[in-house]
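The values are calculated or read from the model by the stated rules, or taken from the named source; none is laboratory data. Keep in mind it's a predicted model, so treat the numbers as computed, not measured. We place every Cβ from the backbone using ideal geometry, glycine too, and count neighbours over all the protein chains shown. For the accessible areas, the whole protein counts, side chains as well, though only heavy atoms, and no ligand, DNA or RNA atoms are used. Shrake-Rupley method; radii C 1.70, N 1.55, O 1.52, S 1.80 Å.
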Amino acid sequence: TKRTPHHFIKCQDLKKFCLSNGYIDGYQADDQFLALLQLFHHFGFFAYYELQGVPLESNWVCTDVTFLYKEISKLLIIRFHPRNPQRVATKRFKNEGIIEKRDYQELFKEVGISEETPSEWLLQVLQNLSFTAEIGPGRFFMPMVLPKDHIEIPDCPAVQPLCFAFNFKEDAFSANLLDLPRSIFCQLAVNLTNKDKWDTCPNDSDRSTIRYTYGDLEVFLMDKPGRFEVAVFCFKSFIFSKKGPCPADLKKLHDHCAAIKGDVKEGIEAVSGSVMGKEFLKKVNLQVGFICDCQKGSTHLALLSKSKAGVTLKCTRP
């Protein structure tokens, strides 16, 4: 692959080459070929991704990983492009982070994606790498390109965001983990978008605040210094009684909030392990709580603690 002038090779053509040169034989040829693809992908010789619904022989191999990264970067840097987009697809992508299958080739053309790059394959690779999530038939959401800090959550003093933060162990930053931590917020947003009941609202989101609807609830996922925050609000249709919430309403609200907390915690663990390696999860504890009110302007958390007296908040200040 290093000697070919082409940046992309169809898998069926590469398989024929391997058979003709004796690198694989006719016995279980597909299994042998797939093992070779996976091996050389992990060595970094080329890029190969197993794409859902795409047969092996219809897939592509990118012979130059650097070329692929540059192609993806053309999409990521659209936020910093000096001139205004000319095409509708590009304007939509820059303002809402939305790629639509019906006109994505217009977007790719304007940002400079090479004609050599298989456009539909690239669209699927973006999803495979968790850069995008499908939010409807032929409609993909890429939170990484959204504008930053133009969304404000509803002003409601009674609602305190639930916070998720990593507490690093003493030996977390060993020689093998010097690059920690890395940002995983956008991957987390994609992870939640792919879960059941989480409906993304791109028009009401930005680079650090993603708005979702979750059944009768409105959920804001926020990227804050050193932590993620989740704020949950009820739609007016949630509580029907004028006298206040009935026990059934409260149970429904509690169940929804518990499910939201579980989904976010599971998403953070899955994404952080994927981005930073499985060893990362052995070096940290994921803390879940609220900003402690022990002093004005504090940034540390008060964690939920169970005791015989019930559930209380415990300050984590050293």
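Quick look at the numbers
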{"quantity": "Counted residues, segment 84-100 - those being surrounded by 14 or more Cβ atoms within 10 Å (Cβ to Cβ) and in contact (Cβ under 8 Å) with a residue 24 or more places away in the chain", "calculated": "9"}
{"quantity": "Residues being among the β-branched types (Val, Ile, Thr) and either open to solvent by 20 Å² or more (accessible area, probe 1.4 Å) or part of a strand (DSSP E or B) (or both) - total across segment 114-148", "calculated": "1"}
{"quantity": "Hits in segment 6-28 - residues which are free of Cβ contacts under 8 Å to residues at least 40 places away in the same chain, assigned to a loop (DSSP other than H, G, I, E, B) and either of a type in the set (Lys, Arg) or under 19 Å from Trp121 (Cβ atoms) (or both)", "calculated": "none"}
{"quantity": "In segment 265-313, the residues that are among the β-branched types (Val, Ile, Thr), touching a Leu at 6+ places or on another chain (Cβ under 7 Å) and part of a helix (DSSP H, G or I)", "calculated": "Ile268, Val271"}
{"quantity": "Selection status of Ala231, surrounded by 19 or more Cβ atoms within 10 Å (Cβ to Cβ), outside any helix (DSSP H, G or I) and either among the hydrophobic types (A, V, I, L, M, F, W, C) or touching a residue at least 24 places away in the same chain (Cβ under 8 Å) (or both)", "calculated": "no"}
{"quantity": "Filtered residues of segment 29-83 (kept if charged (D, E, K, R), in a loop (DSSP other than H, G, I, E, B) and either surrounded by fewer than 16 Cβ atoms within 10 Å (Cβ to Cβ) or at pLDDT below 90 (or both))", "calculated": "Glu50, Arg83"}
{"quantity": "Within segment 269-311, tally of residues that are open to solvent by 50 Å² or more (accessible area, probe 1.4 Å) and within 19 Å of Pro161 (Cβ to Cβ)", "calculated": "10"}
{"quantity": "Candidates Phe235, Phe290, filtered to the one that is over 23 Å from the mean Cα position of the chain (by Cα), aromatic (Phe, Trp, Tyr) and at pLDDT below 80", "calculated": "Phe235"}
{"quantity": "Test: residue in segment 152-166 that is open to solvent by 20 Å² or more (accessible area, probe 1.4 Å), at pLDDT below 95, of a type in the set (Asp, Glu) and under 19 Å from Ala231 (Cβ atoms)", "calculated": "yes"}
